[in-house]
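Here is the structure we will look at.
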Amino acid sequence: MTRAWWAVLLAATMAIPVAADDSSTEPPDGGRKLRLFGTLAVLFENNRTSIEASGDAYDKFKTLLGINLGWGKFSAGAQLEYLYWSDQELAIAGDLDRLREGFEPRKYWLDYTTENFKGRLGTFFTSFGRGLTLYVQKNEVVGIDEPIHGLDLTTEIGPFEFEALGGNVTDPLLENTFNREFEDTIWGGRAQVNLPYDTYLGASYADATLQAVFPGEDDDRVEVWSVEGGGYGLAGVLDLHGEWAEIEKVERGRGKDGYGGYFSAAANIGMVTILGEYKDYWNFAYRYNNPPTAGPTDEAYEHNDVVGPRLLVSGNILATGTLLTGSYGSFDTHRREDSIGGENGDEQEEWLVSLQETAGPIYLEASYFHRDWIEREIVEEHVKGDLHITVLEGMGDVAIGYDLRKESTNFFSRADHRSYLSFSRSPWGSFGLRYAWNDRTSQEKEEFWGWDFQYLPTRSLTLTLFVGSDPGGLVCAGGQCREEPPFKGIRATGNWRF
């Protein structure tokens with residue numbers, strides 16, 4: 001069913017609240033109270049990133065209007081988008097909006113909710129378990145905002161929880177890569193039973209029909225199921241979770257089987273937290289799952305072929321407001337005959353140390369991540385630091401930040417530096433200066449300057465302005481990553497909550 005049909009079906013059902021169920025949710029005065037709220041977001045860009053190649057800049061104007069209505073057990077809403085390009089052909093690769101233009105209902109929903117049941121017709125985000133079977137969630141940092149268009153039903157019956165769903169969904173990163181629209185169909189469900197002593201057992205299943213990457217080929221097909229179990233606060237200190245999944249994929253007429261396994265054990269002992277994780281993924285990745293990374297969620301990981309453990313230990317140092325964290329992970333591939341690292345496999349060792357410190361008017365957060373692809377002879381490093389200082393009570397805060405991503409081999413090296421300096425005063429806003437530079441082997445140093453301004457005239461209205469250039473680069477959050485495109489020009493936004 002296409003998005004247009006879902007929109008028609010939703011419009012037809014919008015009349016349901018007018019005549020349905022007028023008994024159990026009425027307020028004491030015998031009448032219904034209609035609640036209306038929403039958001040308005042406006043973006044304007046004058047983008048000059050590709051001006052040397054194209055000979056011209058282009059403008060982008062985007063408006064998102066979100067409306068929410070609540071009435072008894074029913075609620076409904078929509079997010080409407082208007083997108084204008086002065087020249088859509090000039091849109092830079094990597095802009096996840098570049099395939100759309102004009103007016104479009106991006107999200108729409110009708111909910112019916114009781115104490116033990118919720119049904120949604122329209123658009124929604126969801127995931128099963130830890131994301132091994134199904135993961136479709138909004139990720140603002142990475143820029144992913146493509147929900148499932150369909151029907152989602154959840155219910156609780158005593159200790160049992162059930163969910164069933166079906167609809168159409170799109171992978172925005174894939175669309176951007178191949179410069180064309182995709183529409184996939186997915187359906188599935190999950191069940192969980194909550195057992196005594198804060199333990200649980202669950203299972204889930206998903207079936208996806210994926211539009212072929214190359215036009216003219218048959219659609220791909222994916223079936224994946226998983227079982228999971230665990231417990232919270234066992235013996236007063238221990239949290240356990242284990243999940244096992246198997247997947248069957250038919251891609252370009254060829255069938256492949258795979259599996260995914262994840263286990264975690266976390267213990268809180270006084271001021272110390274210990275987390276052990278183990279992942280085992282083979283031929284496991286598909287468009288709509290996102291299994292745990294068993295590592296920092298703001299780093300890039302592959303999920304299709306990897307196995308190995310990770311240990312993380314963090315602790316508060318007395319009452320000084322200091323949090324120290326350290327982790328170590330060792331991962332490898334299942335393959336040997338065609339491994340990227342060669343016949344010895346693709347061993348990867350990584351470690352992370354981080355510090356958070358709060359001392360009066362000072363807040364400091366710093367981390368260092370090191371990854372060594374041993375057989376490939378590739379070393380990656382990621383250094384981050386953020387320092388916030390309250391100048392004087394009531395006068396404002398000063399923030400200084402630095403971010404370095406570095407990769408080196410025997411033949412090539414690259415380093416991406418990002419830094420900023422800003423001053424903010426609550427509740428009025430902030431002013432900041434950015435400076436970034438890139439170093440590449442046998443290439444000249446690239447520099448990027450920019451400044452940004454944020455103004456909050458009221459609690460419900462936020463205005464921002466950026467002028468200058470930004471290098472983009474790898475952005476990761478929640479285990480998802482993408483290469484953010486560079487930007488040069490003017491970007492202005494406004495957000496109003498009403």
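Tabulated data for the structure shown
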read-out	value
Nonlocal amide H pairs with GLY472, under 5 Å, H built at 1.01 Å	PHE487
Unit charges at the beta carbon, dipole of the stretch 179-228: most positive-side option, SER204, VAL224, PHE214	SER204
Answer label, with percent of Cα pairs over 32 Å apart calculated from the coordinates and candidates [x] 50; [y] 54; [z] 39	[y]
Among the listed pairs LYS406/LYS488; LYS107/LYS249; LYS73/LYS118; LYS445/LYS488; LYS33/LYS73; LYS406/LYS445, those beyond 20 Å (Cα-Cα)	LYS406/LYS488; LYS107/LYS249
J(HN,Hα) series, the stretch 448-459, from Karplus relation 6.51 cos²θ - 1.76 cosθ + 1.60, nearest Hz, glycine and proline x	9, 10, x, 9, 10, 9, 10, 10, 10, x, 9, 5
Cα centroid separation, the stretch 295-347 to the stretch 351-392 (Å)	16 Å
Over the chain, relative contact order from alpha-carbon pairs under 8 Å, at least 6 apart, %	10 percent
Footprinting exposure proxy for THR297, THR320 (fewest neighbouring C-beta atoms within 10 Å first)	THR320, THR297
Phi-based couplings in Hz for the stretch 109-119 (Karplus 6.51, -1.76, 1.60; Gly and Pro marked x)	7, 10, 10, 10, 10, 10, 4, 10, 8, 9, x
Sequence-distant residues sharing a close amide H with GLY429 (under 5 Å, placed H)	LEU456
Distant-in-sequence amide H partners of GLY450 (H built 1.01 Å from N, under 5 Å)	ARG434, SER469
Mean-position separation - Cα centroids, the stretch 199-272 and the stretch 114-190, in angstrom	15 Å
For the stretch 206-221, 3J(HN,Hα) per residue [Karplus equation, 6.51 cos²θ - 1.76 cosθ + 1.60, θ = phi - 60°, Hz, x = Gly/Pro]	9, 10, 10, 9, 10, 4, 4, 5, 9, x, x, 8, 5, 5, 7, 9
Cα lying deepest toward the dipole's positive end in the chain, options PRO309, LEU324, TRP71, charges on Cβ	TRP71
Burial ranking of peptide ranges 383-390, 191-198, 282-289 (average Cβ count within 10 Å, highest at the top)	282-289, 383-390, 191-198
Theoretical FRET efficiency, 1/(1+(r/R0)^6), r = Cβ-Cβ of VAL391 and SER460, R0 22 Å, to 0.05	0.20
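Coordinate-derived values only; no laboratory data. Keep in mind that this is a model prediction, so the values were computed, not measured. Glycine also receives a Cβ, built like all others from the backbone with ideal geometry; neighbour counts cover every protein chain displayed.
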